[in-house]
Amino acid sequence: MRSNITLFKFTLFAVVCIFLSSISIHAVFSEKTNISMSISSKNISGVNRPIIDLVQDPFFRLIGKDINLTSYWRDSHNNCLSLFSCHLNLTDGWDDNQSFQLSTENSTRENWSWISSNEIEVKPSEIYEIVGHIKLSKWATQSHIVLEGFNESSRQWYQIIQCPPGTNGPLEWKELVCKVIIPPDTRKIALELNAGWSSQQNQKAITLFDAIHIYKVS
């Protein structure tokens with residue numbers, strides 16, 4: 001009789017232990033599940049805020065052999081057929097082995113390349129961020145990137161900002177970030193890549209451009 005009672009108590013104790021253990025396991029699992037959902041929610045909220053690059057070929061992937069036939073970068077002044085040699089550099093870049101190279105031995109002051117990007121529609125008072133990367137050889141003089149705007153009243157393009165301003169070499173790869181508020185009467189913008197002249201006659205001035213971006217901030 002006593003053995004039966006002892007067996008019953010032992011069985012009851014085992015059942016209670018199993019029940020308490022299951023409750024503990026469920027609580028731990030629930031806690032881990034809540035943490036995972038919280039992390040997922042944060043990731044999803046980040047995905048819902050995309051950053052759109054308004055330069056359609058920022059890494060010069062679509063440039064062909066003839067610079068005049070590119071889709072998103074244009075040589076409207078035909079400088080690549082006269083003052084400058086323009087081509088893809090496939091051995092040097094900002095974060096890979098490719099960039100856009102412009103070179104010249106011309107030492108005449110204030111001669112720039114004027115390679116222009118695609119036009120971007122904007123509205124006055126909007127804020128944009130320009131990000132550019134540039135590298136200069138020893139002889140490169142006053143190379144820079146220009147943000148231009150099209151004034152609806154005068155029907156002319158004009159300079160809004162230089163980012164960077166005219167810079168002399170030598171210069172290793174450098175990132176440049178500028179913010180700008182779109183002026184009144186301006187509803188189109190475009191970038192100009194201005195490789196400069198050589199600081200010494202018969203010496204090749206080389207300017208490399210890469211990872212050129214425009215982002216709308218507000």
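Derivation of every value follows stated rules applied to the coordinates shown; laboratory data play no part. Because the structure is predicted, anything quoted here is derived from the model rather than measured. Please note: Cβ atoms are built from the backbone with ideal geometry, for glycine as well, and neighbour counts cover all protein chains shown.
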Exercise. Distance from the Cα centre of the range 75-142 to that of the range 144-159, in angstrom?
Worked result: 17 Å
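If you keep only loop residues by DSSP, which trypsin sites (Lys or Arg not before Pro) in the range 78-147 have at most 10 other Cβ atoms within 10 Å of their Cβ?
On the way: sites: 109, 135, 138; in loops: 109, 138.
Answer by residue number: 109.
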Problem set entry | Nitroxide proxy distance, nm - points 7 Å out along Cα→Cβ at residue 96 and residue 201 | 4.2 nm
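By average Cβ neighbour count within 10 Å, what is the ranking of 202-208, 149-155 from highest down?
Numbers: 202-208: 19.7, 149-155: 13.1.
Per-residue mean Cβ counts within 10 Å order the peptides as 202-208, 149-155.
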Problem set entry | Ranked 163, 178, criterion: other C-beta atoms within 10 Å, fewest first | 178, 163
Seminar exercise, completed: With label points set 7 Å from each Cα along the Cα-to-Cβ direction at residue 174 and residue 159, the distance between them in nm comes to 1.7 nm
For this session: Return the loop-located GluC sites (Glu not before Pro) in the range 66-136 (DSSP other than H, G, I, E, B) with at most 11 other Cβ atoms within 10 Å of their own Cβ; answer none if there are none.
Result: 110
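Using Cβ counts within 10 Å as a stand-in for footprinting exposure, how do 179, 123 rank, fewest first? Kindly include the intermediate steps, with their values, before the conclusion.
Values: 179 12, 123 9.
In order of increasing Cβ crowding within 10 Å: 123, 179.
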For this session: Along Cα→Cβ, 7 Å out, is where each label goes; now give me the distance between the ones at residue 218 and residue 76 in nm to one decimal.
Result: 3.1 nm
Seminar exercise, completed: Rounded to the nearest 5, the percent of DSSP beta bridges in the range 58-195 running antiparallel is 100 percent
